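First the structure, in the form of structure tokens, and then the observations on it.
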Amino acid sequence: MEKAMGKALGNEVQRWTAKRRMALVVSLLKGETTLAEAARSHGLTVGELEDWRDKFILGAENALRSKPKDEEALKDEQIKRLKQKVGELVLDLDILKEANKLRPFDPPSPSWKSEE
């Protein structure tokens, strides 16, 4: 992959333009690199790359519609999906908290401590 992506060339820092983001996302979708590898090699987070990928896929899906949605409708759809995900995560957390309450906590005695 292009060495300049995300790295400094001399004293010039490369910006993540839409065109460069698209090239990286396409590379991810083609399986040429993984999220973790791309994040590490370009100084990005996996979350940033997942966000770029999701936006790319949403945009591509919308572009292929016979009646494309406007930008506001796409944002509303994304907000709805994110709220749903947050709700799922909160529910998972609540379930884990309840399960933890039912589990008795009896810390094991250290093996180095001899019983008398």
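The order of the peptides 23-29, 94-100 by mean Cβ neighbours within 10 Å, most packed first, is 23-29, 94-100. Which entries of LYS19/LYS55; LYS19/LYS85; LYS55/LYS97; LYS19/LYS75; LYS30/LYS80; LYS55/LYS85 have Cα-Cα distances beyond 25 Å here? Table pairs above 25 Å Cα-Cα are LYS19/LYS85; LYS55/LYS97; LYS30/LYS80.
For the listed peptides 54-65, 32-43, 81-92, a ranking on the average number of other beta carbons within 10 Å per residue, highest first, reads 32-43, 54-65, 81-92. Near LYS75: Cβ cut-off under 15 Å, other residues only, Lys/Arg at +1 and Asp/Glu at -1. The net charge is -3.
FYI, it's all coordinate maths here, none of it is from the lab. These numbers come from a predicted model, not from an experiment. Note that each Cβ is placed from the backbone with ideal geometry, even for glycine, and that neighbours are counted across all protein chains shown.
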